[in-house]
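Worksheet: one structure, shown below.
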Amino acid sequence: MRIRFTSILTGIFLFFVTGEAFCQQVLVSPDKKKELDAISAKANTTYLSAHLKALTLAHIYGWPISLKTKNGGFLSLQGVNKLGFPVYLITDDNIISAATTNTTAVQPGGSLGLNLSGSSVFLDNKLAIWDGGSVYKAHQEFAGKIITIKDTSTIIDHATHVTGTMLAKGVYPPVKGMAFNAATLQSYDFNNDVAEMAAASPGLLLSNHSYGDEAGWNFDDATNHWEWFGLPGDTVDYTFGFYSDRTQAFDQIAYKAPYYLIVESAGNARGNTGPAVGADYYGFASASNPTFVDKGPRPANISSNNSYDCISTTGKTNVICKKNL
């Protein structure tokens, strides 16, 4: 199972927003806002160019543009890296996050006696989610809350259940969210996320990103086969631990918007170990040919991602993340 611990909301965030002094704080200075707007404009131009190029090459080399993955995840083509190979984002599970991050201890009835629930009006319009699609805002767990859909993308289960982790009311008690009394949320899809985050960050306190760059092994439910996204000839995917352009952009945004907390999934690629040695798998044809092909029997020397150093790109930034143990 591919488990990502993502929405570390209440334990850090609700402490962060209480207090009269903070409520009067300007979140981003005018100069920093100009810098963030510049990051947004540059990122938007870069994304549109890279995405168009990737869509064109996808038809030539047989790259999937989007697909459903193991356990109901969603994978989407974003661009092309400097070596000419495709770059994907993939959604991640966040099962039992409230328990694993000990959020229940700060909620009403919790062991710390803090009774935090996300009810402060100061949070209004300052929470956001980026995901593989839009939130189903008519869900019973969001009744009475204002969820603003910012992109014209398809409603998906993943975005809806992650939003539930963030702020579900608890109509069905086992799914009560971490900040269950929070009243508002802005919902974005993860396409062009850097540009959108930079533009929105002056008005946000927190956003959740339960997705990351695809790396290593992935199981394609539609075709029922394993896929290796590492470079041909490599035994380990270099993007594990790699400081990418997107990673740098996340850091720049977090630095220039000092009160904006980016909650990014760290990942557990150890849940996707690939097929048995000798079993069939798919991957790129060669180091100079990014055609996606049937590679035949899996060799023994390709990593199963079941040890350390299996967190890719943005999962290792200076944002809040939790390494899987």
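General observations
- Within the straight-line cut-off of under 17 Å between alpha carbons, the aspartates and glutamates reachable from LYS137 are ASP124, ASP151, ASP157, ASP189, sequence neighbours fewer than 8 places apart in one chain being disregarded.
- Sorted largest first, the principal axis extents computed over the alpha-carbon atoms of region 123-279 equal 54, 38, 27 Å.
- What the pair-distance distribution of region 165-226 shows, using all Cα-Cα distances binned every 5 Å from zero, is 4, 12, 17, 14, 15, 14, 14, 7, 1 percent.
- Taking a ≥ b ≥ c as the square roots of the eigenvalues of the Cα gyration tensor, region 222-301 is classed as prolate, since a/c reaches at least 1.5 and a/b is larger than b/c.
- Surface share of carbon and sulfur [accessible, 1.4 angstrom probe, percent] for region 141-248: 54
- For GLU196, the shell of other residues with beta-carbons less than 14 Å away shows a net charge of -2, using +1 for Lys and Arg and -1 for Asp and Glu.
- Cα gyration tensor shape for region 78-201, rounded if a/c is under 1.5, else prolate or oblate: prolate
- Distribution of pairwise C-alpha distances over region 110-170, 5 Å bins, in %: 4, 16, 26, 24, 16, 8, 4, 2, 0
- Summarised in one figure, the compactness ratio Rg/Rh of region 247-294, Cα atoms and Kirkwood Rh, is 1.24.
The values are calculated or read from the model by the stated rules, or taken from the named source; none is laboratory data. Note that the coordinates shown come from a computational prediction; the quantities given were computed from them, not determined experimentally. Every residue, glycine among them, receives a Cβ derived from its backbone with ideal geometry; neighbour counts consider all protein chains shown. When the accessible area is computed, the model is the full protein with side chains, heavy atoms only, and any ligands, DNA or RNA have been set aside. Shrake-Rupley method; radii C 1.70, N 1.55, O 1.52, S 1.80 Å.
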